[in-house]
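To start, the structure under review is shown below, and the notes come after it.
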Amino acid sequence: MSVAGEMTTSDALLATILKSLEDDKAEDIVQINLRGKTEIGDYMIICSGRSTRQVSAISEKLAQRVKDEFGRTPKVEGKDIGDWVLIDTGDVIVHVFRPEVREFYQLEKMWVGGDAPAPQS
């Protein structure tokens with residue numbers, strides 16, 4: 001697959017992920033472009049759910065949507081606890097947090113420094 005083809009796939013995956021998060025009422029969605037910064041993926045998405053139940057539900061639905069639409073089974077960690085769930089789709093890494101846990105770890109600052117983009121509601 002060409003580099004252009006890979007970008008198209010990762011951009012389509014990103015759009016599907018963002019739509020899924022919005023549909024499931026994820027809050028404070030932040031998108032970080034990782035291209036040229038790391039080899040772990042093209043994008044990182046960080047968002048919040050209001051409760052452990054919502055964090056788990058957002059994550060479960062997102063993983064199923066990626067599998068249904070792209071034929072990929074993402075790696076999912078932390079869904080049973082529901083404080084912080086990591087969904088690794090290969091090109092896009094998604095972190096779904098409870099707000100208190102997100103505030104504690106402050107992943108946005110790690111990747112974009114003190115100039116983190118404002119969360120989108």
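Where a number appears in this text, it was derived from the coordinates with a stated rule and is not lab data. What you see is a predicted model, and the numbers here were worked out from it, not measured in a lab.
Overview of results
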| item | result |
| --- | --- |
| Debye intensity ratio I(q)/I(0), log10, the stretch 22-66, q values 0.28, 0.29, 0.31 Å⁻¹ (C-alpha model) | -0.99, -1.02, -1.07 |
| Anchor Lys19: lysines whose Cα lies under 19 Å away (excluding residues fewer than 8 positions away in-chain) | Lys61, Lys67 |
| D (Stokes-Einstein, µm²/s), Kirkwood Cα radius, the chain, 1.567 mPa s at 4 °C | 90 µm²/s |
